[in-house]
Amino acid sequence: MSPTPVRQGRPEEMAQDPGFRALLTSASDATGDALDTLIRGLGNMALLVVPDERGGGPVALALYRRLDCVAVQIEYLAVHQAHRHSGMATALVHRVQADTGAMVVACTDDDAVGFYRAAGFHTSDSAPDPRWPARRRYLCVLPRMALLRDLEADDGSLAWVDGPPTPQPVRVVAPSPAWAPQYAALAERLGDALGTSALAIEHLGSTSVHGLDAKPVIDVVLTLQDPDSEALYLPLLEAAGFVLRLREPGWYRHRLLVPSAGSGLPAANIHVFAPGSPETSRMIAFRDWLRTHHADRDAYGRIKRAAAAQINDAGGGAGLVTDYNAAKEPFIRGLYEQILHEPWGPRTTA
């Protein structure tokens, strides 16, 4: 089969093309004046099309925009009905990634999530779209392996809120059946507080792996459109019982929140990242690997207990979690080298 011909285009130059308009209607449900308004607002997006081999307008299109230095988002993806299941949509997605060198993000519902999974995206449940509140929504991310393998350098922007943590005993305990419902309670509180702005809420870290010894602290990754815009979400999270502990704007725009005293919530770290963050995809890959490779899971458990004992003994019964993490780092790095050189398959998180 010959490669799918994909070409760059300009939305404004194709505004009156019947094929372009029909594809955009298929992707957006917009017609007439609403479609014209939509097209006028596409100036900040890049366009890829698959031309009709017999001449005429396009038979498939992808419109996407840059989110930040590591991610782009596909806003509209459509293939003419007569050309579906021909590989055109997959070719467009891969061309988007090839042209941008970025993580590729898409939001979809049950109608298209199967396509994104088959194309190698990992998918997470997302908040409903207000336009279609009854539809189940998903945040889909296609990792760029080079970005997962090459960590973004820390630029020294780390800033603790209310001072750095103090030394305390590092507790690693046997896996608990309470961790899953504790995560569910945290996810419900976060979702209720943020509504549709919570693009995804993931249970990651060691407590998300059945059978793995861990510190009894639930790690949650919360995906928000712009973690730097704290005024849009921080008051809502504070009202829901969370407090900001750390800002790292130079490292994937990371924020860290924890439950406040008296919130009634379990011990947790709430990590805030933007959609398409390589760190989120790395954490998902690590979690999914340990869930299916029990020998590595058990070895990691032994490393964790040994690291905790080392830190506690050296510090007279107390130490810093950063020291504990540093003690685990050689094992984690070695495992990541193996994980990220394996073929990336579809990942699904409910």
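Results for (1) modelled with pLDDT of 95 or more; (2) not charged (D, E, K, R), shown as yes or no for each residue.
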{"residue": "Tyr300", "(1), (2)": "yes, yes"}
{"residue": "Gly316", "(1), (2)": "no, yes"}
{"residue": "Glu337", "(1), (2)": "no, no"}
{"residue": "Thr349", "(1), (2)": "no, yes"}
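I'm trying to understand the selection: among the residues of the range 212-262, which are surrounded by fewer than 16 Cβ atoms within 10 Å (Cβ to Cβ), assigned to a loop (DSSP other than H, G, I, E, B) and among the small types (Gly, Ala, Ser)? The answer is Ser229, Gly250, Ser260, Ala261, Gly262.
Cβ-Cβ distances below 6 Å connect the following pairs, each with a first residue in the range 244-262 that is within 10 Å of Phe273 (Cα to Cα), a second residue that is at pLDDT 95 or above and surrounded by fewer than 16 Cβ atoms within 10 Å (Cβ to Cβ), and a separation of six or more residues or different chains: Arg253/Asp228. Could you look through the range 57-82, keep only residues that are outside any loop (DSSP other than H, G, I, E, B) and open to solvent by 50 Å² or more (accessible area, probe 1.4 Å), and pick out the one that is farthest from Leu42 (Cα to Cα)? Result: Ala82.
Each residue in the range 6-40 was checked for being closer than 23 Å to Thr100 by Cα and open to solvent by 50 Å² or more (accessible area, probe 1.4 Å), and 5 of them qualify.
Scanning the range 288-322 for residues that are surrounded by 21 or more Cβ atoms within 10 Å (Cβ to Cβ) and in a helix (DSSP H, G or I) yields Leu290, Tyr300, Lys304, Ala307, Ala308, Ile311. Is it the case that the range 48-56 has a residue that's among the aliphatic types (A, V, I, L, M), open to solvent by 10 Å² or more (accessible area, probe 1.4 Å) and over 26 Å from Glu279 (Cβ atoms)? Within the range 48-56 (the criterion being among the aliphatic types (A, V, I, L, M), open to solvent by 10 Å² or more (accessible area, probe 1.4 Å) and over 26 Å from Glu279 (Cβ atoms)), the answer is yes, since at least one residue qualifies.
Each row is one residue, and each column tells you yes or no for (1) open to solvent by less than 40 Å² (accessible area, probe 1.4 Å); (2) closer than 18 Å to Tyr324 by Cα.
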site: Trp160; (1), (2): no, no
site: Val172; (1), (2): yes, yes
site: Leu186; (1), (2): yes, no
site: Gly191; (1), (2): yes, no
site: His210; (1), (2): no, no
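The values are calculated or read from the model by the stated rules, or taken from the named source; none is laboratory data. Computed from a prediction, not measured in an experiment: that's the story for all the values here. Glycine also receives a Cβ, built like all others from the backbone with ideal geometry; neighbour counts cover every protein chain displayed. Accessible surface is based on the protein model in full, side chains and every heavy atom, while ligands, DNA and RNA are left aside. Shrake-Rupley method; radii C 1.70, N 1.55, O 1.52, S 1.80 Å.
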